[in-house]
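Here is the structure we will look at, set down as structure tokens.
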Amino acid sequence: MQVRDVMSTSVQSCSNQDDLSTVASKMQALNIGSMPVVENNQVVGMVTDRDMVVRGLTNGAPNDSIQSVMSNNVISVSSSASLEEAAQLMSQHQVRRLPVVDNGNLVGMVSLGDLATREQADQKAGQALTQISKNDFS
């Protein structure tokens, strides 16, 4: 089974020029905790609600651009990658969501929850979550 079989394709994103307040409102309305930062359909960063609180509200202002708090080193996966590969990337890089990128363009998002919904990947997702959680508190 491949990432394309479980990924979300209706991905909401923001621009690196959007301000913290706008992105926070969008994330709240959509009930999501992270969002890819996209320019010309290419992922240039990721921002989480935690990034906005820890880096943004403590060091900046609500009108600062999301670029000031986003993560620039984005780990992504291809839609043709196996679910095991995606779970391994999540575990290795301590992330719960990966942008799915084909030919340099954002085509979807895959989360640990997406992996866990497939019986074949459930064990790999569980292992990835265990590894992520273990390293969060180390």
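The values are calculated or read from the model by the stated rules, or taken from the named source; none is laboratory data. In this text the structure is predicted, and so the values were computed from the model without any measurement. Virtual Cβ from ideal backbone geometry, glycine too; neighbours counted across all protein chains shown. These accessible areas exclude ligands, DNA and RNA; they are computed on the full protein's heavy atoms, side chains included. Shrake-Rupley method; radii C 1.70, N 1.55, O 1.52, S 1.80 Å.
Details
- Spin-label zone in region 77-111 - amide nitrogen under 18 Å from a point set 7 Å from the Cα of Gln42 along the C-beta vector: 77-79, 99-108
- Protein accessible area in region 1-89, 1.4 Å probe - carbon and sulfur %: 41
- Local charge for Thr48 was computed over the other residues whose Cβ lies under 11 Å away, with Lys and Arg +1 and Asp and Glu -1, and equals +2.
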